[in-house]
Amino acid sequence: MTRLPQPRSHSLAELAARVGGRIVGDGDVIISGVGTLQGAGTGDIAFLSNSRYRALLASTRASAVLVTEQDFEHCPTNAVVVTDPYLGYAKIADLIYPTPPGEAGIHPSAVISERAKIAPSAWIGPLCVVEDDVEVGAGARLGPSCVVGHGTRIGANTSLVANVTVCHGSLIGERVIIHPGAVIGSDGFGLAKEGERWIKIPQLGCVRIGDDVEIGANTTIDRGAIEDTVIEDGVKLDNLIQIAHNAHIGEHTAAAACVGISGSVTVGRSCTLAGGVGLAGHLELADNVHITGMSMVTKTIKEAGVYSGGTPLDTNRRWHKNSVRFKQLDDMARRLSELERRFNSLVEKV
Amino acid sequence: MTRLPQPRSHSLAELAARVGGRIVGDGDVIISGVGTLQGAGTGDIAFLSNSRYRALLASTRASAVLVTEQDFEHCPTNAVVVTDPYLGYAKIADLIYPTPPGEAGIHPSAVISERAKIAPSAWIGPLCVVEDDVEVGAGARLGPSCVVGHGTRIGANTSLVANVTVCHGSLIGERVIIHPGAVIGSDGFGLAKEGERWIKIPQLGCVRIGDDVEIGANTTIDRGAIEDTVIEDGVKLDNLIQIAHNAHIGEHTAAAACVGISGSVTVGRSCTLAGGVGLAGHLELADNVHITGMSMVTKTIKEAGVYSGGTPLDTNRRWHKNSVRFKQLDDMARRLSELERRFNSLVEKV
Amino acid sequence: MTRLPQPRSHSLAELAARVGGRIVGDGDVIISGVGTLQGAGTGDIAFLSNSRYRALLASTRASAVLVTEQDFEHCPTNAVVVTDPYLGYAKIADLIYPTPPGEAGIHPSAVISERAKIAPSAWIGPLCVVEDDVEVGAGARLGPSCVVGHGTRIGANTSLVANVTVCHGSLIGERVIIHPGAVIGSDGFGLAKEGERWIKIPQLGCVRIGDDVEIGANTTIDRGAIEDTVIEDGVKLDNLIQIAHNAHIGEHTAAAACVGISGSVTVGRSCTLAGGVGLAGHLELADNVHITGMSMVTKTIKEAGVYSGGTPLDTNRRWHKNSVRFKQLDDMARRLSELERRFNSLVEKV
């Protein structure tokens, strides 16, 4: 394990106070690192969020463990009792490994338009390109080799990690994190047919991204065709996700890697899309809809709930036999109904 | 809505003439923008391509609407009657928002080989790298931070938007658009086994891309192993698509995001692959084959038509019950046949 | 076909010796290129690895062909008989098209931290960014526009082709090849819920990559949350693959394009994952597990073997009929069982 940020030490009491936890044990112990139950050593704090792994408590060498009320009695070391140990861990890890204060200014190798407005407290890293009329807010940070197209607005304390491309006219909120290789505001895939040829539909809308959004590595978000593509506050997108033109993603929705969202789709708030899910064009998901991995969604979903698709894994040999039958399903269903009918009329006769 | 390009005003008569449309209403009205039926305001032109949305006509505030013969009577404002309003819109939007004339020359921060041949009317943007023996045609445009490997040829009026990587020896046609993050000419995934180890097969072919091709953000097209990977004229590729070595994509075929095309696949002309479709290696698709979203194609398709795969979405609870049965399908099919057989012989007896 | 590297000529005898092959024919013939059986000309060597294509031998114009014992009698020209012609081809192609010796040094346009340690024989290409405390080993090569974050170690003879982003603290072995657009060490997708909001879990682990690994274009490998994400020696990853935080990929495992591997997954050694496969979080694959294309894996697999999922392609019309029945499968299974039961009791009565 190689942890890069410099940790900062705290007493367990300080950390517990931060997460509203109750200490069972010694609040004066100094915590200067985090670890898993198996990997933690002296001075580290670990967490147990799933009681299924309770047995790991016995052998942990952590100096403290975040646990729930129902697990703390099994904790052989100092415990911080909280309702959600994983959430508690998130906050404590952030205290122990604070984001180092960033530099401010513009690296001399960056290419910045004279018409760009960069807040004095912002940082523009080496070999960035910032075009005309871009606004970069206070404390915002462009890592190395980012490209920001003209007319884009980047909110305060937003971070483009490295090698991010933001196309012209994008509006990005505050405290947004955009990971390397992500592309914001590329042209939507808009085409009309003229005979056999495809004619490009000019993509005239923009991308609007709210506050506290996170966008994963190599994820792509296309600009709108006429109106804008919209990512609301608090949305979290993993890596290699495609968001097509004029999609609208509601607040606090999260999508795991390799999700594909087609054009003009509306996703409600607080939805979750597991890895590899695909949403067909122009449909809507209500709030609190949860789609399990690799499902294909082809119709609007009006009710909150958990939805699934796909087939279970099997040995290749058995799968071959069964998947062939998939193509006979309708025939089987008809034959079954027919057999029931004939059987019932036979029974009546007998 | 934030539209970035400066619009150019036209009379409705001028616009109608461009698309061969018939004006019903006032041809002198000045159009200086586009909008959706709901979003358009005074001075905007909208379109109705699908009669299902005809009800939106009544409340539109657009100054003109592109409609078909069968819808124009419901249009409360000036109408331009055309056979394909979406195609008409594409052409009119292009008139109203023309691509601004690009700069020519080489940005001083670009790193250009002395052996590269750049047409005087081409533009090489900031922080581009152009290696030996690259040729960039007239009017071509390399946006910021593009990398073009040695021996590559980029045709006239082709645009690499930003952060595009084109590996050595690629041949790219005219009027091609390549969106940010796309990678052209990376090594194919060619491996031979030697004991437990994989040995790399040198990837000696190139990528050849025709004219009028569009390649989406973060899409990857691998170079050929011995012969070339070929993308023919007019092909349109969306974002996050993988095209493996020695694939051959026929003219005017379009693929939506997240499509994966394996090695040595041949796709015919005027095919469409919807989002998330996967094609297994070495197969062929005839011309005019259309594959619906997320389908897995494992065999050659010799006849034009629409093909599909996958399972429908359901509530997670019902899906669990049904998907378990998928693994019993062959057993069910056999039992059904057996029951039919036994039933029929019973009926004969009774 | 456009082959870029300068070929180097060898006698057939030299090439055969390299691969331990037996020459049937003239060992003095000079070979100066490679080709497919159909595309090869005079001076080229081709190979036949699959006897199914044996008919192509008759018409080849290659000067020599790598063949197996069972095919060589059908070879009309000089043959090199080997046990694995594809492997032999890999080695011979590497002899004929050797990687040209790279430059050494640092391009003046690169931005290099004074605290970076670059081996004198390494090459740092134009417009690279190399941050503090990076170590670049002997003979390593950073192509144009790569970004290497602080504290990263890049082993000897490793190549970052172009536009690669390696985030801070990554440990990369020797002879690794990373293709354009790949992102190594981006933050994992770690989130805890607090009310409706997502709270970011600091991603404190790193990425550790062994020797002889190859990583495809636009592939993403996230850093670990607490401990590291690990890619062992000899792993081969194609393009557009997602590897989530704390995944552990065993030696000599290969994954084709568009594979998604979720967090904390452990994949054994010598596994193969075909294109588009998805692995759900926290599961394990034993050694020598092979998953066919686009399968969804949701459970641990403890036995070596070939596993599959998904449904076969069909015409859209038939697929519609059959896929609807998928949602009735459990009902059909119950009705079938019931009918069997009733039939059997009827038979007893009759």
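Within the stretch C:221-230, the set of residues being part of a strand (DSSP E or B) and either farther than 21 Å from B:Ser186 by Cα or of a type in the set (Gly, Ala, Ser) (or both) comprises C:Asp222, C:Thr229, C:Val230. Does the stretch A:293-311 contain at least one residue that is more than 10 Å from chain B (Cβ to nearest Cβ), over 30 Å from A:His179 (Cα atoms), in a loop (DSSP other than H, G, I, E, B) and among the basic types (Lys, Arg)? Checked the stretch A:293-311: at least one residue is more than 10 Å from chain B (Cβ to nearest Cβ), over 30 Å from A:His179 (Cα atoms), in a loop (DSSP other than H, G, I, E, B) and among the basic types (Lys, Arg). Filter the stretch C:65-84 down to residues that are closer than 20 Å to C:His10 by Cβ and either touching an Asp or Glu at 6+ places or on another chain (Cβ under 8 Å) or among the charged types (D, E, K, R) (or both), then give me how many there are. Going through the stretch C:65-84 one residue at a time, the tally reaches 3.
The set of residues from the stretch A:184-217 being within 21 Å of C:Arg223 (Cβ to Cβ) and touching a Pro at 6+ places or on another chain (Cβ under 8 Å) comprises just one member, A:Ala217. In the stretch A:33-128, counting only strands (runs of 3 or more DSSP E) that sit wholly within it, the ones holding 2 or more residues that are more than 21 Å from A:Arg141 (Cβ to Cβ) and more than 10 Å from chain C (Cβ to nearest Cβ) span A:64-67, A:78-81. Quick check: is even one residue across the stretch B:284-303 in contact (Cβ under 8 Å) with a residue 24 or more places away in the chain and either over 30 Å from B:Ala225 (Cα atoms) or not polar (S, T, N, Q) (or both)? Yes, there is a match, as at least one residue in the stretch B:284-303 is in contact (Cβ under 8 Å) with a residue 24 or more places away in the chain and either over 30 Å from B:Ala225 (Cα atoms) or not polar (S, T, N, Q) (or both). The test for being within 11 Å of chain B (Cβ to nearest Cβ), under 22 Å from the mean Cα position of the chain (by Cα) and buried (at least 17 other Cβ atoms within 10 Å of the Cβ) holds for A:Val289.
Scanning the stretch B:130-146 for residues that are out of contact with any Gly (no Cβ under 6 Å at 6 or more places or on another chain) and closer than 23 Å to B:Pro101 by Cα returns B:Val130, B:Glu135, B:Val136, B:Ala138, B:Gly139, B:Ala140, B:Ser145, B:Cys146. Filtered by the rule that a residue be more than 7 Å from every other protein chain (Cβ to nearest Cβ), of a type in the set (Ser, Thr, Tyr) and assigned to a loop (DSSP other than H, G, I, E, B), the stretch C:239-280 gives C:Thr253, C:Ser264.
A quick yes/no check of all residues on (1) among the hydrophobic types (A, V, I, L, M, F, W, C); (2) under 17 Å from B:Gly151 (Cβ atoms); (3) touching a strand residue (DSSP E or B) at 6+ places or on another chain (Cβ under 6 Å):
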{"position": "B:Phe189", "(1), (2), (3)": "yes, no, no"}
{"position": "B:Glu196", "(1), (2), (3)": "no, no, no"}
{"position": "B:Lys200", "(1), (2), (3)": "no, no, no"}
{"position": "B:Ala217", "(1), (2), (3)": "yes, no, yes"}
{"position": "B:Thr220", "(1), (2), (3)": "no, no, yes"}
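Residues of the stretch C:315-350 that are more than 7 Å from chain B (Cβ to nearest Cβ) and charged (D, E, K, R): C:Arg317, C:Arg318, C:Lys321, C:Arg325, C:Asp331, C:Arg334, C:Arg335, C:Glu338, C:Arg341, C:Arg342, C:Glu348, C:Lys349.
Does C:Leu283 satisfy the criteria of being of a type in the set (A, V, I, L, M, F, W, C), crowded, with 16+ Cβ neighbours inside 10 Å and touching a helix residue (DSSP H, G or I) at 6+ places or on another chain (Cβ under 9 Å)? When the stated conditions are applied, C:Leu283 does not pass them. Candidates in the stretch A:307-331 are the residues that are within 13 Å of A:Val277 (Cα to Cα) and in contact with a His (Cβ under 9 Å, 6 or more places away or on another chain); of these, the one that is surrounded by the fewest Cβ atoms within 10 Å (Cβ to Cβ) is A:Tyr307. I'd like the full set of residues that are closer than 19 Å to B:Arg223 by Cβ and either away from chain B (no Cβ under 14 Å) or of a type in the set (A, V, I, L, M) (or both), limited to the stretch C:228-238. Of everything in the stretch C:228-238, just one residue is closer than 19 Å to B:Arg223 by Cβ and either away from chain B (no Cβ under 14 Å) or of a type in the set (A, V, I, L, M) (or both), namely C:Leu237. If you filter the stretch B:172-192 down to residues that are more than 7 Å from chain C (Cβ to nearest Cβ) and assigned to a strand (DSSP E or B), you find that the one that is surrounded by the fewest Cβ atoms within 10 Å (Cβ to Cβ) is B:Ile177. Selection over the stretch C:212-227 of residues that are away from chain B (no Cβ under 11 Å) and either surrounded by fewer than 24 Cβ atoms within 10 Å (Cβ to Cβ) or out of contact with any Ser or Thr (no Cβ under 7 Å at 6 or more places or on another chain) (or both) gives a count of 3.
Residues in the stretch C:157-189 that are without any contact (Cβ under 8 Å) to a residue 60 or more places away in the chain and among the small types (Gly, Ala, Ser): C:Ser159, C:Ala162, C:Gly169, C:Ser170, C:Gly181, C:Ala182, C:Gly185, C:Ser186.
Here A:Cys271 meets the list (1) crowded, with 20+ Cβ neighbours inside 10 Å; (2) more than 18 Å from A:Ile249 (Cβ to Cβ) almost entirely, failing just condition (2).
Just one of the listed residues (C:Ile124, C:Ile118) is over 17 Å from C:Ile45 (Cβ atoms), among the β-branched types (Val, Ile, Thr) and surrounded by fewer than 24 Cβ atoms within 10 Å (Cβ to Cβ), namely C:Ile118.
Taking first residues from the stretch A:250-276 that are farther than 21 Å from C:Ile199 by Cβ and at pLDDT 95 or above and partners that are among the aromatic types (Phe, Trp, Tyr) and buried (at least 23 other Cβ atoms within 10 Å of the Cβ), the Cβ contacts under 9 Å between residues at least 6 apart in sequence or on separate chains come to A:Gly263/A:Phe189. Looking at the structure I just gave you, is C:Ser63 crowded, with 18+ Cβ neighbours inside 10 Å, farther than 30 Å from C:Ala156 by Cα and over 28 Å from the mean Cα position of the chain (by Cα)? So C:Ser63 fits the description; yes. Put simply, of A:His282, A:His248 the only residue that is within 25 Å of A:Thr158 (Cβ to Cβ) and over 15 Å from the mean Cα position of the chain (by Cα) is A:His248. Among residues of the stretch A:193-211 being assigned to a strand (DSSP E or B) and aliphatic (A, V, I, L, M), the one that is surrounded by the most Cβ atoms within 10 Å (Cβ to Cβ) is A:Ile209.
Inspect the stretch C:40-47 for any residue being in contact with a strand residue (DSSP E or B) (Cβ under 6 Å, 6 or more places away or on another chain), surrounded by fewer than 17 Cβ atoms within 10 Å (Cβ to Cβ) and either over 29 Å from B:Ser186 (Cβ atoms) or in contact (Cβ under 8 Å) with a residue 40 or more places away in the chain (or both) and give the result as yes or no. No, the stretch C:40-47 contains no residue that is in contact with a strand residue (DSSP E or B) (Cβ under 6 Å, 6 or more places away or on another chain), surrounded by fewer than 17 Cβ atoms within 10 Å (Cβ to Cβ) and either over 29 Å from B:Ser186 (Cβ atoms) or in contact (Cβ under 8 Å) with a residue 40 or more places away in the chain (or both).
The values are calculated or read from the model by the stated rules, or taken from the named source; none is laboratory data. None of these values were measured; they are calculated from a predicted model. Cβ coordinates were reconstructed from backbone atoms using ideal geometry, including for glycine residues, and neighbour counts include every protein chain displayed.
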